[in-house]
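Undergrad: Have a look at this one.
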Amino acid sequence: MKHNVYEFKKKKTDKEAEGLRSKRRIGIDQPFDNDAVVSITGPEYTRYLNRDGIAVLPYEGLKKNVADFLLKAVEQPNYTTVSGFQVVDNYYHHVGHSWVHLLNDGWVRIGIDDFVSKVFGPADTIHLPSAGDFLMQGEVAWVLTRNDQKAPMQSPVSGIVFAVNDKIKEQPEVTHDDPYGEGWLFLLNPVSLEINKKELKLEKECFQWIEKENQNLLELLGNTYERLAATGGGLIDDIFGNFPEIGWDRLVRTFLRTAEQR
């Protein structure tokens, strides 16, 4: 299996390299297709190239520029509350509790859902993939850490990481405070989105799944949470922080299982 994945990644990389050579780059120093950049940023970026074909911004600068344009188009999402958890109406959700937001020109934005943010609580660190990394749907893509305990989480779709949210490195708790907004993790260029969508959940199907996950959570909490609910108390933010006896590893096994563990 690993050999097949390696061969797939290699073929994908070779194919992309051939594609870059056949496309019209914006400058001799950058592997960006001129038409693709113009479609996202408008003609301003490519209008003023040096006579030698050097682009007006270095490679990393352009990546940030394109990412900023993509993020500016993100609208305030509409939420549906399901069993006390917020679910964005038009975002796709993966069973590993990550979400996928479709952006313009085929890009996607990825993050952690409200269920995990409430159950595991604020992270001390989140180890993110690097720009240029190739991720496969269902493979571990980032790791959330709290009190030296790790929670590996899966990529909801396959593709190449284009840009990561630098704020997460300095303020990992933002994924808990604003999981669908400032707490997004990275932007991805998907390679098989229509196929990957078959493994994702949207709206009604997602709502039913969250209800089921909440029932699984209540079963783990047992009588402790039942007594709290009887007093009129609602859902507690940071379940693990308030009920550490439930066990970090137990939460990981229950809600963040990989396909091989199911």
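Undergrad: Calculate the FRET efficiency for GLU199 and VAL143 from the Cβ-Cβ distance with a Förster distance of 22 Å, rounded to the nearest 0.05.
TA: 0.55
Undergrad: Quick check: Cα centre of the range 189-206 to Cα centre of the range 95-113, how many Å?
TA: Cα centres, the range 189-206 to the range 95-113: 9 Å.
Undergrad: How many nm is it between the label spots at GLN208 and ASN242, if each spot is 7 Å from the Cα in line with the beta carbon?
TA: Roughly 2.9 nm, to one decimal.
Undergrad: Express the C-alpha Rg of the range 76-262 as a ratio against the empirical globular expectation 2.2 N^0.38 Å, rounded to two decimals.
TA: With N residues counted in the range 76-262, Rg over 2.2 N^0.38 Å equals 0.99.
Undergrad: At 0.36 nm per residue, and after removing the present C-alpha to C-alpha distance, how many nm does the segment from ASP105 to LEU235 gain when stretched out fully?
TA: 43.0 nm
Undergrad: Could you tell me which of rounded, prolate or oblate describes the range 86-141, using a ≥ b ≥ c as the square roots of the eigenvalues of the alpha-carbon gyration tensor, with rounded for a/c under 1.5 and, failing that, prolate when a/b is larger than b/c and oblate otherwise?
TA: oblate
Undergrad: I would also like to ask the following. For the range 76-262, calculate the relative contact order in percent as a whole number, restricting contacts to Cα pairs under 8 Å that are 6 or more residues apart.
TA: Once normalised by length, the contact order is 26 percent.
Read the figures in this text as sums done on the coordinates, not as results from a lab. What you are looking at is a predicted structure, and each value in this text was computed from that prediction instead of being measured. Virtual Cβ from ideal backbone geometry, glycine too; neighbours counted across all protein chains shown.
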